[in-house]
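**Q** The structure follows.
The values are calculated or read from the model by the stated rules, or taken from the named source; none is laboratory data. Values in this document were obtained by computation on a predicted structure and should not be read as measured data. Reconstructed Cβ throughout: ideal geometry from the backbone, glycine too, with neighbour counts over all protein chains shown. Calculation scope for accessible area: heavy atoms of the full protein, side chains included, ligands and nucleic acids excluded. Shrake-Rupley method; radii C 1.70, N 1.55, O 1.52, S 1.80 Å.
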Amino acid sequence: MRDLQTVLIIARSGPEWAAIADTLSDQYDYRVLSADSVENARASLADAQVDIALVEYGEGKGLKFLVDLRVSHPDVIRILALEAKTEIGQREMAPAGIYQLIRKPLDANQIGLMVERGLEARELARRHRLLTREFKFPANATGIHARPILPMQPESRRFEKLVYVSEKLHNLSELARKAAKTELPILIQGATGTGKELLARAIHYNSGRRDSPLLVQNCGGMSDELLQSELFGHKRGAFTGAVSDRLGLFRAADRGTVFLDEISEVSSSFQVSLLRFLQEGEVKPLGSDKIVTSNVRIIAASNRPLRALVAAGKFRQDLYFRLRGFELEVPSLSDRREDIPVLAEFFAAKHSEAMGRKILGISAAVLEKLSAYDFPGNVRELENEIRRMVSLTEEGEYVTTTHMSPAILAAPPRSRFKSAGGYELRGTTLKEKVECLEKQVVAEVLSRHRWNQSKAANELGLSRVGLSNKIKRYSLDEAE
Ligand SMILES: Nc1ncnc2c1ncn2[C@@H]1O[C@H](COP(=O)(O)OP(=O)(O)OP(=O)(O)O)[C@@H](O)[C@H]1O
Ligand SMILES: [Mg+2]
């Protein structure tokens, strides 16, 4: 599945723009996102991959927005629409780097063709950049900064803001695209920093709900009362401190999506309220006896596996079944190491641009070191490391190992680190090494069989009791 090219229209809503949006999506097959304010446009840009922005002048606000856009998203093609009589000079427009200026009355077909040509031009420029890079033309004429030899990078793929090359993330993105088109709740699981929230946002922008709000609630560390009032709303005076009515996220996001982060952390009584909402779509604000309905799609995320919490009696099974209309598991970065170099390059470009610092790239030695490290904090940790390294790199230089944090620098090279079929061998004595290996083999087989112990014991050639002894001995835990 290929991404549709996306046009973001930023204009006061009205029939003229609605007709243009229809033409662009029905006849030209673009995905159209509409925003009626600069704030909404920023939210769309943060989550969705936008290719072209079509902006109404709006007393200068639109132009100002385009100037900012040029800095924050230089790849987005910028088109400005003006009223027939608005006077505007070249000097005023220059900082926005506008691709085309159009005047009202607007012609949908003219805009369609302009968008097509604009995207073609951008694609040509992109290919030119790639070729220049592959041929490693020195960045300056003297060639002093010729890039250290780098293995050729595969071209990265994208699902909105998610960048990857691994098959694992590719398959996950394909499944997420399909899930997005349905109305079912989605449960996203994975370790911290793997990109669960980014995936949730991508799903919202690929669903039919993309023109309605996506609202986020973190459920961790909140009292029941507070969470209840955040999500379901309250009437004035419902509790001390409730000085006015509050709508609640479920109603504020009507026709949109609510992302419930850290869902594993909600109390058992809150689980009941949530289940009722999922079953009936009914919202009863605190302190009110009126029941209202709301149509929202729930995406929930957890970095603790809910299945294990259900097994341990800490999470309601019926709620778990409701939430996982689709169950998406984001793999840890160490399980998809091929993503490390492309992510590193992507973050280096992103942060050097944000800091206004022109760096030449990342040295091969750095990429090798990064690829050997385990990243317990996953993509977030990688991004932080790159941001830090870029900030230490001088303008016009490469990011090199001298900029690296000691822990990552100390990671032993992969080839020596991993042996015995991809298992880690830690410890010094033979006994320690064998036990380390045994623990990993048992854990891996158990997890492959989703902790079905008979199947795992069978594969390992152990009795059920034998396996259960190993589980105890190595304190293996399904929740980990
Ligand atoms: N594939 C990716 N491409 C680009 N950026 C990514 C990717 N995965 C994660 N990130 C970035 O890494 C950071 C962490 O991602 P995110 O917040 O989505 O993780 P999370 O799984 O929700 O983490 P937590 O469990 O700690 O809440 C964000 O800055 C996000 O932009
Ligand atoms: Mg998160």
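**Q** Per residue of the range 94-111, what does 6.51 cos²θ - 1.76 cosθ + 1.60 with θ = phi - 60° give for ³J(HN,Hα)? Whole Hz please, x for Gly and Pro, Karplus curve as stated.
**A** Residue by residue, the range 94-111 yields 3, x, 7, x, 6, 7, 8, 10, 10, 10, 6, x, 7, 10, 4, 5, 4, 5 Hz.
**Q** Go ahead and collect, in residue order, the members of the range 66-92 whose backbone nitrogen is under 19 Å from a label point 7 Å along the Cα-Cβ direction of E395.
**A** Residues 71-72 fall inside that zone.
**Q** Give the carbon-plus-sulfur fraction of the accessible surface of the chain in %, rounded to a whole number; probe 1.4 Å, heavy atoms of protein chains only.
**A** 52
**Q** With runs of 4+ DSSP H residues as the only contributors, calculate the mean residue ellipticity of the chain at 222 nm using -39,500 (n - 2.57) per run, divided by the residue total and rounded to the nearest 500.
**A** -13500 deg cm²/dmol
**Q** So how far, in whole Å, is the C-alpha centre of the range 40-87 from the one of the range 432-456?
**A** Between the Cα centres of the range 40-87 and the range 432-456 lies a distance of 54 Å.
**Q** Related question: When ligands, DNA and RNA are left out and all protein chains stay put, how many square angstrom of accessible area per residue does the chain have with a 1.4 Å probe? Kindly include the intermediate steps, with their values, before the conclusion.
**A** Numbers: 24900 Å² over 480 residues.
I get 52 Å² per residue for the chain.
**Q** Starting from the Cα of K181, draw a straight line to each of the lysines and keep only those under 19 Å, dropping any in the same chain fewer than 8 residues away.
**A** Leaving aside lysines fewer than 8 places away in the same chain, those within reach of K181 are K161, K196.
**Q** Sorted by mean Cβ packing within 10 Å, highest first, what order do the peptides 290-300, 464-474, 211-221 take?
**A** 290-300, 211-221, 464-474
**Q** To continue, here is another question. Taking H as built 1.01 Å from N, whose amide H comes closer than 5 Å to the amide H of R103, not counting residues under 5 places away?
**A** Correct list: L82.
**Q** Along the range 279-294, what does the Karplus equation 6.51 cos²θ - 1.76 cosθ + 1.60 (θ = phi - 60°) give for ³J(HN,Hα), rounded to whole Hz, x for Gly and Pro?
**A** Working through the residues one at a time gives 7, 10, x, 9, 10, 10, x, 4, x, 10, 10, 8, 9, 10, 10, 8 Hz.
**Q** By how many nm would the segment from E16 to A84 lengthen if fully extended, with 0.36 nm per residue of separation less the alpha-carbon distance?
**A** 23.1 nm
**Q** Put +1 on the Cβ of every Lys and Arg and -1 on every Asp and Glu Cβ in the range 150-275; which of V243, V266, L184 then has its Cα farthest towards the positive end of the dipole?
**A** About the Cα centre, the residue reaching furthest to the positive side is L184.
**Q** What aspartates and glutamates does K235 reach when the alpha-carbon gap must be under 20 Å and sequence neighbours fewer than 8 apart in one chain are set aside?
**A** Within the straight-line cut-off, K235 pairs with D224, E225, D245, D254, E282, D289.
**Q** Measure off 7 Å from each Cα along the Cα-to-Cβ vector at E338 and T132, then give the distance between these two points in nanometres to one decimal.
**A** With each label point 7 Å from Cα toward Cβ, the separation is 2.9 nm.
**Q** In whole angstrom, how far apart do the alpha carbon centroids of the range 373-405 and the range 213-282 sit?
**A** The range 373-405 and the range 213-282 have Cα centres spaced 38 Å from each other.
**Q** State the extension gain, in nm to one decimal, for the chain segment bounded by S269 and S463, taking 0.36 nm per residue of separation less the distance between their alpha-carbons. If you can, show how the numbers build up before the last one.
**A** Numbers: separation 194, 0.36 × 194 = 69.84 nm, distance 4.05 nm.
Going from the current span to full extension adds 65.8 nm.
**Q** Just tell me which aspartates and glutamates come within less than 14 Å, Cα to Cα, of K168; anything on the same chain fewer than 8 places away is out.
**A** Within the straight-line limit of under 14 Å, K168 reaches these aspartates and glutamates: E329, D335, E338, D339.
**Q** Distance from a point 7 Å along Cα→Cβ of S72 to each backbone N in the range 341-365: keep the residues under 19 Å and list them by number.
**A** What the label zone holds, given the 19 Å backbone N cut-off, is 347, 349-357.
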